[in-house]
1. Restricting to region 90-120, and then to whatever is open to solvent by 100 Å² or more (accessible area, probe 1.4 Å) and part of a loop (DSSP other than H, G, I, E, B), can you tell me which residue is modelled with the lowest pLDDT?
2. Does residue 191 fit the bill of being hydroxyl-bearing (Ser, Thr, Tyr), at pLDDT below 75 and either under 30 Å from residue 2 (Cβ atoms) or touching a Ser or Thr at 6+ places or on another chain (Cβ under 7 Å) (or both)?
3. Considering only residues that are open to solvent by 60 Å² or more (accessible area, probe 1.4 Å), aliphatic (A, V, I, L, M) and free of Cβ contacts under 8 Å to residues at least 12 places away in the same chain, which ones fall in region 154-173?
4. Go through (1) of a type in the set (D, E, K, R); (2) over 30 Å from residue 27 (Cβ atoms); (3) open to solvent by less than 100 Å² (accessible area, probe 1.4 Å) for residue 147 and report which single condition fails.
5. For residue 140, are the conditions met, namely being modelled with pLDDT under 85, open to solvent by 80 Å² or more (accessible area, probe 1.4 Å) and acidic (Asp, Glu)?
6. Can you find even one residue in region 55-64 that is hydroxyl-bearing (Ser, Thr, Tyr) and at pLDDT 80 or above?
7. Given the structure, is residue 180 among the small types (Gly, Ala, Ser), assigned to a helix (DSSP H, G or I), in contact with a Ser or Thr (Cβ under 7 Å, 6 or more places away or on another chain) and under 28 Å from residue 28 (Cβ atoms)?
Amino acid sequence: MFKTAATLVSIAAQVGGLFMAAVGLSNTFKDVAAEGERFFATVLATVLGVVRRLWTGFKSLCRRILGRPRPAVVYGLGTAMEINFTGSARGIVTFGPLADPAQDADAFKAAVEERLNRVFRLAQDVQYDLGRETKAREREDQKIGDDLQARLTARDEESKGATIRGLREQAVGLFFVAFGLVVQSYLDLAY
């Protein structure tokens, strides 16, 4: 009677432990995986990848033992593309007609100096505005970068917490499996 009860407890602990470990694995995957990613499809792909690597290793070992040459591996050529962008800004400044230098040289000189001073002031204004715009953009970029860093840190903490929760569930499940195995092994040895 004791043996039967202990065996049932052992089996229940193992089944419950396996179930809890599976729930923990599933919860860990849900918390970390991309949205819409399927758990068993990913696990199956991983298992198939391991099987492929083992099969490739086995084939290599057989080739080495039998003294066969390695198969030729063909690599495709990669392509690279580089795109550059150069921006420029142009402004058009128009002035009225100049005085005839042959008739009034002083008026011509004064008009040319006036135009040069006006262009210089316009260039200074544009340079000042560009400097202000550059500083404003740098401040905005810094603000966005700080915000993104804060969000990444918060998301990382959430992810760690969720992963640890799933790992705890797995550990509890494995503990129950181990407990069930210990009870079952004791019963096998004692009876």
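1. 90
2. Yes, satisfied.
3. 164
4. Only one criterion is unmet by residue 147, namely (2).
5. no
6. Taking every residue of region 55-64 in turn, at least one turns out to be hydroxyl-bearing (Ser, Thr, Tyr) and at pLDDT 80 or above.
7. Considered against the rule, which asks whether it is among the small types (Gly, Ala, Ser), assigned to a helix (DSSP H, G or I), in contact with a Ser or Thr (Cβ under 7 Å, 6 or more places away or on another chain) and under 28 Å from residue 28 (Cβ atoms), residue 180 comes out as yes.
The values are calculated or read from the model by the stated rules, or taken from the named source; none is laboratory data. Note that the structure is predicted; figures quoted are calculated from it, not measured. Heads up, the Cβs are rebuilt from the backbone with ideal geometry, glycines too, and the neighbour counts pull from every protein chain shown. Surface accessibility is based on the protein's heavy atoms, side chains included, excluding ligands, DNA and RNA. Shrake-Rupley method; radii C 1.70, N 1.55, O 1.52, S 1.80 Å.
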